Amino acid sequence: MRANHRKQEDQLFVVRQLRPSEKPLFRDHLLRLDRESRTDRFNGGTKDEFLISYADRSFSDGTSVIGVVEEGQVIGAAELHEKPDPDEPTAEIAFSVEREWQHRGLGGLLFKRLIQTAVGLGYRRLRVTTHANNAAMKALAKRFGAKLTFEFGETVGLIELDDPELFSLPVQQPESNLDYREAN
């Protein structure tokens, strides 16, 4: 079953949680990011060696990675990194979309799935950090309710998941013909 999908420009995008065995797909996605996209994602330039190590760490430290999968390749990703906070369960979130796939609504699809995942894991707050010139990320964060501030040269967005039911997936009870009765 597909977690999320959306047809745009005659293209079907599948948005889903990546399995640990798909770490190479995430790594290859990061390596395909152009210089500007790497700067947008990591708030600065990054070398290939860093990206390879980063992908390894992401799948070994419990990060949830959601991908847009197209023809067996990850073309966009959203990450959910736990930030221990004694008051409110908080996660740091991050997004990356390859240049040729940008401005097609993939960020919004990833954000929706990421919020569902965060709510399912019990997070109450999401935090996003980006450089001051990343207009696309700031607009996307605001669209999903982020309160933006400027701290130490970066834009920081905070999303309060005050009403998890707003973001939860509906649950259907399976129909059953079984009659459960206590045995005497």
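Numbers at a glance
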quantity: The listed residue being charged (D, E, K, R), in contact with a Ser or Thr (Cβ under 9 Å, 6 or more places away or on another chain) and assigned to a helix (DSSP H, G or I), out of 138, 112; calculated: 138
quantity: Enumeration of residues in region 41-57 that are surrounded by 21 or more Cβ atoms within 10 Å (Cβ to Cβ) and touching a helix residue (DSSP H, G or I) at 6+ places or on another chain (Cβ under 7 Å); calculated: 51, 55
quantity: Where a residue in region 16-38 is closer than 12 Å to residue 51 by Cα and its partner, wherever it lies, is modelled with pLDDT under 95 and not in a helix (DSSP H, G or I), with Cβ under 8 Å and at least six apart; calculated: 38/45; 38/46
quantity: Some residue of region 82-90 being touching a helix residue (DSSP H, G or I) at 6+ places or on another chain (Cβ under 7 Å), without any contact (Cβ under 8 Å) to a residue 40 or more places away in the chain and over 14 Å from residue 25 (Cβ atoms); calculated: no
quantity: Some residue of region 161-175 being within 29 Å of residue 23 (Cα to Cα), modelled with pLDDT of 85 or more, outside any strand (DSSP E or B) and small (Gly, Ala, Ser); calculated: no
quantity: Subset of region 52-91 [among the small types (Gly, Ala, Ser) and either in a helix (DSSP H, G or I) or out of contact with any His (no Cβ under 8 Å at 6 or more places or on another chain) (or both)]; calculated: 53, 55, 58, 60, 62, 64, 72, 78
quantity: Boolean, residue 117 is closer than 23 Å to residue 160 by Cβ, over 13 Å from the mean Cα position of the chain (by Cα), surrounded by 14 or more Cβ atoms within 10 Å (Cβ to Cβ) and hydroxyl-bearing (Ser, Thr, Tyr); calculated: no
quantity: Total residues in region 118-135, condition under 16 Å from residue 156 (Cβ atoms) and not in a strand (DSSP E or B); calculated: 4
quantity: Residue count, region 95-105 (criterion: under 20 Å from residue 56 (Cβ atoms) and at pLDDT below 95); calculated: 0
quantity: Enumeration of residues in region 81-111 that are among the basic types (Lys, Arg) and buried (at least 18 other Cβ atoms within 10 Å of the Cβ); calculated: 104
quantity: Residue that is surrounded by the most Cβ atoms within 10 Å (Cβ to Cβ), among those in region 1-19 that are closer than 23 Å to residue 118 by Cα and modelled with pLDDT under 95; calculated: 13
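The values are calculated or read from the model by the stated rules, or taken from the named source; none is laboratory data. Bear in mind that the values here come from a model prediction, so they are computed numbers and not experimental data. Cβ: placed from backbone, ideal geometry, glycine included. Neighbour counts: every protein chain shown.
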